[in-house]
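Here is the structure we will look at, set down as structure tokens.
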Amino acid sequence: MKPKIILAIESSCDETAIAVLKGKKLLANVVSSQIDFHQKYGGVMPEIASRLHLENIGFVLSEALEKSKIKMEDVSAIAVTRGPGLIGSLQIGLNAAKTLAMIYQLPLIPVHHLAAHIYANEFVKPLVFPALAVVVSGGNTELIYMTKHLSFEVIGATLDDAIGECFDKCARVLGLPYPGGVYVDKYAKEGQITYDLPSHFDDGTLNVSYSGLKTAVVNLVNNLKQAGQVVRIPDMCASFQTAAIKMLVKRINKALDKYPVTQIVLAGGVSANSLLREEVASIAKARNIDCILPPLWTTTDNGAMIAILGRRLYQKKTFSSLSIDSDANWRIEDFDKFKT
Ligand code: KG4
């Protein structure tokens, strides 16, 4: 049998991305990032994001087809991010996917964005179970227990802000560019932990809370400025990053005590963080469990991750009708439930 070709579209936030996967081979992975447009606002402006997706998606599709040297007639199915994400952004990708599915009479595969971040690790090696997936991004912070493929149980989550949001806010108050996490990570390498910041939130569960830490950084920076004192950016970044990662690492260890696993994987934008990667690698080593640290290109949004999960869903025939809508708050447990 000829290997199936999945064309996958991702547009949940500020990247317009299309990938082509033939069997297990990635033929193209085109990503058009909007970061330059949003940087002056210090974060993603949803209205601008949707307009840019609309302007770019046709070009991204042409480039993906050109790079992969295939024609639309060769494609077996269209996979697309249905959620979670920014509703306007999601709708551009989903409408493009529906249109292609209708014209070329192809099955449509709705893909959960965070599940796709987890499955991006399969570009490194297969997931093995039971596994703990640590999903950390600008909008989500979740500990997900997986006993088998496509089984997601959220065992811990943030009670308020996502960890990435906290990195971005801390960066903004320090006058660093967007996306803040990248710059906090960079400056932290040059700094010392000299500021006292809270990382002790513990409600006895596997949940975390980042709003207290975020407020503590904002207040401390503002108080220092008002008192005419210099804010040492590298030291503030090192102190904040250590506090933020320490809270997460405590929960990861607690989760592993309660749910013994054979593998731990990281996923999402914050999984690019150098301290988190170091910590998770050493936890895995100490506990003698396997670990996948996602390659940096999969930590930012891309179509390849939608394609690799789309391929698995294609095999299970998880298709939807063309009347499906996007879901900005789609829960990962419901990744295969959609009203059509
Ligand atoms: O996965 P993603 O695009 O977010 C959502 O889909 O919501 O990840 C973006 C987030 C931003 O908050 C960004 O600051 C953060 O990931 N990020 C980092 C690093 N690189 C990106 N956070 C900490 N350290 C990094 N090296």
**Study point:** Matching residues, region 13-31, being surrounded by 24 or more Cβ atoms within 10 Å (Cβ to Cβ) and modelled with pLDDT of 95 or more
**Key:** Thr16, Ala17, Ile18, Ala19, Val20, Leu21
Exercise for review: Residue by residue through region 257-302, note down the ones that are more than 16 Å from the ligand (Cβ to nearest atom) and open to solvent by less than 10 Å² (accessible area, probe 1.4 Å).
Suggested key: Gln263, Ile264, Ala284, Ile292
Practice item. Take region 23-34 and flag every residue that is outside any loop (DSSP other than H, G, I, E, B), more than 16 Å from the ligand (Cβ to nearest atom) and of a type outside the set (Gly, Ala, Ser). Key: Lys25, Leu26, Leu27, Val30
Exercise for review: Return only the number of the condition from (1) of a type in the set (A, V, I, L, M); (2) under 30 Å from Ile109 (Cα atoms); (3) open to solvent by 10 Å² or more (accessible area, probe 1.4 Å); (4) not assigned by TED's automatic domain parsing to the domain that holds Leu90 that Ile308 does not satisfy.
Suggested key: (4)
Practice item. Those residues that are more than 16 Å from the ligand (Cβ to nearest atom) and part of a loop (DSSP other than H, G, I, E, B), I need them from region 4-22; list them, please. Key: Lys4
Point to revise | Leu150 vs. criteria in contact (Cβ under 8 Å) with a residue 12 or more places away in the chain, outside the structural domain of Leu220 (by TED's automatic domain parsing) and not basic (Lys, Arg) | key: no
Practice item. Taking Asp202 as meeting all but one of (1) surrounded by fewer than 21 Cβ atoms within 10 Å (Cβ to Cβ); (2) within 16 Å of the ligand (Cβ to nearest atom); (3) over 26 Å from Asp14 (Cα atoms), write down the number of the exception. Key: (2)
**Study point:** Condition broken by Gln241, with the remaining ones in (1) more than 30 Å from Asp290 (Cβ to Cβ); (2) under 24 Å from the mean Cα position of the chain (by Cα) satisfied
**Key:** (1)
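Can you work out which of the residues in region 229-256 that are open to solvent by 40 Å² or more (accessible area, probe 1.4 Å) and of a type in the set (Lys, Arg) is nearest to the ligand (Cβ to nearest atom)?
Here the answer is Lys246.
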**Study point:** Matching residues in region 79-119 - criterion: being surrounded by 24 or more Cβ atoms within 10 Å (Cβ to Cβ), away from the ligand (no atom under 16 Å from the Cβ) and not in a helix (DSSP H, G or I)
**Key:** Ala79, Ile109, Pro110
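Checking the structure you have, find out if any residue of region 35-48 is part of a strand (DSSP E or B) and open to solvent by less than 70 Å² (accessible area, probe 1.4 Å).
No, that holds for no residue.
The values are calculated or read from the model by the stated rules, or taken from the named source; none is laboratory data. Please read all numbers here as calculations on a predicted model, not as lab measurements. Note that each Cβ is placed from the backbone with ideal geometry, even for glycine, and that neighbours are counted across all protein chains shown. When the accessible area is computed, the model is the full protein with side chains, heavy atoms only, and any ligands, DNA or RNA have been set aside. Shrake-Rupley method; radii C 1.70, N 1.55, O 1.52, S 1.80 Å.
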